[in-house]
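Quick notes on the structure that follows.
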Amino acid sequence: MVDARGYSCPMPVILVQKAVKDGHPEHLEVLVDNQCSLENVTRYASNQGYAVQSSQEGEDFRLVLTKK
Amino acid sequence: MTKKINPWVIVTGVAFGVAALLLAHFGNPGNMGFCIACFLRDISGALGLHSAGVVQYFRPEIVGLVLGAMVMALCTKEFKSKGGSAPATRFLLGAFVMVGALMFLGCPMRAVIRLGGGDLNALVGIVGFAAGILVGALFLKGGFSLKRAYNQTKLEGFILPGLLAVLFVLSLAIPALFRRSEEGPGSMAAPWVLALICGLVVGALAQRSRMCMAGGIRDVILFRDFNLISGPANLFVTVLIGNLILKKFNLGFEGQPVAHTDGLWNFLGMALAGWGCVLLGGCPLRQLILTGEGNSDSAVTVLGMLFGAALCHNFGLASSAAGPTLNGKIAVAVGFVVMLLVSMLNSAKKEG
């Protein structure tokens, strides 16, 4: 789980990048709290070969990354 | 490498370029249809924060950019009052970004606009900007962070946009309250209605697309992501084509409008600005757009840039067409020390 709430670009992507490079996870959940970070993490994860499902939870967004 | 490019980024780059051509054609200084650093400096002068008589005008473009972004963010429900991520540090960084930009004579977007007009000094500046971003990006990879922001009261996000709007209306209603250049770049301006409309349109588009010069270069370096950089790339192509059509393209180093030819200090000034921008998370344009989205950390950064612009002219730090000043060179050197300290002191320590 990467909790990137409160961080603005590029920090959420950097946190996800670190999690992906360190652990090569099959599944990764990411929490962000703004649309820009949602778009950026989605784009980065897609480029790294992950399928991304996102849902809004109140003011936050939960992204579920699954390795294709 | 990212293949997906958000079409909004391309639209924003083209619209920014068209607006820049229009504004320069209708009265703004040459290759200065838009320049966030120059226009904040002009506003700083209009408010009497500095007394350089040639750069004082309450630029409607800045007001338009912030309010355009705010309206778009409200429409898309992205307006959120947030702040509390190292505001004093951001103020300081904003001030030194301005020191670097006014050494070069332009923000990163103006550097692209200058290059589209054939000004090769801008190419030196852009290479310097990229070098500064590379250094900052290394610190980002090493754990640099200004820590998280928190939700604020709704009012917080409206303060600076509201203040700018009120001051702008005042500048129209009671112009005697403000200073206004009678000669020099500050006296050269497109009609205020056109300037405001261009600002509003570009501000709204930049909010949708997140266009950012610093973010564009940073994303290429860190993530091999070419989405954001496609904005400035399209801005360049648009301005280049426009200048060729208007027969304003003038390739070379010498005789460029509101520019100097000192390559070393063009490089170093923009390197300082680039380093500062990547630590701040965005270029001066992006700081204005985020201010419009309710981000009070960016609002503090904009205030820091206004403060920096005042210091630049009160202390003789800003360059002119004649070249950089000794005071300006010292300030840029001090700026690099500040960037290094801020970068190191905000980097996560390795876990032992």
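Side notes on the structure shown:
- For the pair the range B:182-201 and the range B:273-297, the centres of their Cα atoms are 23 angstrom apart.
- Largest GNM mean-square fluctuation among B:Ile229, B:Ile221, B:Ile36, using chain B with Cα springs under 10 Å: B:Ile221.
- Annotation: B:Ile241 carries an accessible surface of approximately 90 Å², with a 1.4 Å probe and no ligand, DNA or RNA atoms counted.
- The apolar share of the surface of chain A, taken as the fraction of accessible area on carbon and sulfur atoms (1.4 Å probe, ligands and nucleic acids excluded), comes to 48 percent.
- Note on exposure: A:Glu59, B:Glu182 ranked by accessible area (1.4 Å probe, complete protein assembly) read B:Glu182, A:Glu59, with the most exposed listed first.
- Net charge of the neighbourhood of B:Phe178, taken over other residues with C-beta under 14 Å away and scored Lys/Arg +1, Asp/Glu -1, is +1.
- Accessible area per residue for the range B:184-264 is 41 Å², calculated with a 1.4 Å probe on protein heavy atoms, without ligands, DNA or RNA.
- About the Cα centre, charge dipole magnitude for chain B (Lys/Arg +1, Asp/Glu -1 at Cβ), debye: 840 debye
- Mean residue ellipticity at 222 nm, helices only, the protein assembly as shown: -20000 deg cm²/dmol; runs of at least 4 DSSP H residues each add -39,500 (n - 2.57), and the sum is divided by the number of residues.
- The calculated FRET efficiency for the pair B:Lys141 and B:Ala176, based on their C-beta separation and a Förster distance of 60 Å, comes to about 0.70.
- Unsatisfied cross-links (Cα-Cα over 32 Å) in the set B:Lys4/B:Lys154; A:Lys21/B:Lys147; B:Lys4/B:Lys80; A:Lys67/B:Lys154; B:Lys4/B:Lys248: B:Lys4/B:Lys154; A:Lys67/B:Lys154; B:Lys4/B:Lys248
- Screening chain B for whole DSSP H helices with an alpha carbon extent of at least 24 angstrom along the helix axis and a mean Kyte-Doolittle hydropathy of at least 1.6 yields B:7-25, B:87-104, B:120-141, B:154-173, B:192-209, B:326-345.
- Estimated from the Cβ-Cβ distance and a Förster radius of 30 angstrom, the FRET efficiency linking B:Asn346 and B:Leu326 is about 0.45.
- Value of relative contact order over the range B:26-75, rounded to a whole percent, pairs C-alpha under 8 Å and six or more apart: 29 percent
- Shown for the range B:176-320: the carbon plus sulfur share of the solvent-accessible area, taken with all protein chains present and a 1.4 angstrom probe, equals 68%.
- Accessible heavy-atom area order of B:His50, A:His24, B:His313, highest first, probe of 1.4 Å: A:His24, B:His313, B:His50
- Computed over protein heavy atoms with a 1.4 angstrom probe, the accessible surface ordering of B:Cys75, B:Cys38, largest first, is B:Cys75, B:Cys38.
- In terms of its C-alpha gyration tensor, the range B:21-143 comes out rounded, because the ratio a/c of the largest to the smallest axis stays below 1.5.
- Rg/Rh ratio calculated on Cα atoms of the protein assembly as shown (Kirkwood radius): 0.96
- Relative contact order (percent, whole number), chain B, Cα cutoff 8 Å, 6+ residue spacing: 37 percent
- Part-to-part distance (alpha-carbon centres) for the range B:1-76 and the range A:18-41, which is given in Å: 33 Å
- Nearest-10 value in Å² for the accessible area of B:Tyr150, using the 1.4 Å probe: 120 Å²
- With the simple spin-label model, which puts each label point 7 Å out from Cα in the Cβ direction, the A:Ser55 to B:Ile241 separation comes to 4.5 nm.
- Accessible area of the range B:1-116 divided out per residue, in Å², using a probe of 1.4 angstrom: 28 Å²
- Formal net charge of residues neighbouring B:Gly53 (Cβ-Cβ distance under 11 Å; K, R +1; D, E -1): 0
The values are calculated or read from the model by the stated rules, or taken from the named source; none is laboratory data. Predicted model only: the values in this text are computed from it and were never measured. All Cβ positions, even for glycine, are placed from backbone atoms using ideal geometry, and neighbour counts span all protein chains on display. SASA here: full protein model, heavy atoms, side chains in, ligands and nucleic acids out. Shrake-Rupley method; radii C 1.70, N 1.55, O 1.52, S 1.80 Å.
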